[in-house]
1. Within the group 35, 23, which residue is among the hydrophobic types (A, V, I, L, M, F, W, C), open to solvent by less than 60 Å² (accessible area, probe 1.4 Å) and outside any helix (DSSP H, G or I)?
2. Name the residues in the stretch 55-69 that are modelled with pLDDT of 95 or more and either closer than 22 Å to residue 23 by Cβ or not in a helix (DSSP H, G or I) (or both), would you?
3. Considering every residue within the stretch 38-57, establish whether at least one is open to solvent by 50 Å² or more (accessible area, probe 1.4 Å) and β-branched (Val, Ile, Thr).
4. If I ask for residues that are more than 18 Å from residue 13 (Cα to Cα) and of a type in the set (D, E, K, R), which ones from the stretch 40-58 would you list?
Amino acid sequence: IERKGRALNRATRIVEEGLRAGLDLRVGGRLASDLDRLYGYIGTRLMQANLRNDEAILDECQRLVQPLREAWDAIAPATRQPNA
């Protein structure tokens, strides 16, 4: 239980303090606003998963984050090129 709590706390911090805090809502437009809402939802769901011990919620969070991860993975090679 303690290990699960630490892992979910870490995941929540990554979403809230890393992803969500990194958004610039003033210049990011609709995309930043949509991501802010998505990250807020995921953070809430992670807390619920922890409180309810609900694996289905974790699966939902993973399904929501996966397309974002794939998008970042797809653009990563372009960012490594000198003229990118």
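1. Values: 35 fails: outside any helix (DSSP H, G or I).
Selected residue: 23, the only one of 35, 23 that is among the hydrophobic types (A, V, I, L, M, F, W, C), open to solvent by less than 60 Å² (accessible area, probe 1.4 Å) and outside any helix (DSSP H, G or I).
2. 60, 61, 62, 63, 64, 65, 66, 67
3. There is at least one residue in the stretch 38-57 that is open to solvent by 50 Å² or more (accessible area, probe 1.4 Å) and β-branched (Val, Ile, Thr).
4. Hits for the stretch 40-58 are 52, 54, 55.
The values are calculated or read from the model by the stated rules, or taken from the named source; none is laboratory data. Keep in mind it's a predicted model, so treat the numbers as computed, not measured. Ideal geometry is used to build each Cβ from the backbone, glycine not excepted, and the neighbour counts take in all protein chains shown. With ligands, DNA and RNA removed, areas are computed over all heavy atoms of the protein, side chains included. Shrake-Rupley method; radii C 1.70, N 1.55, O 1.52, S 1.80 Å.
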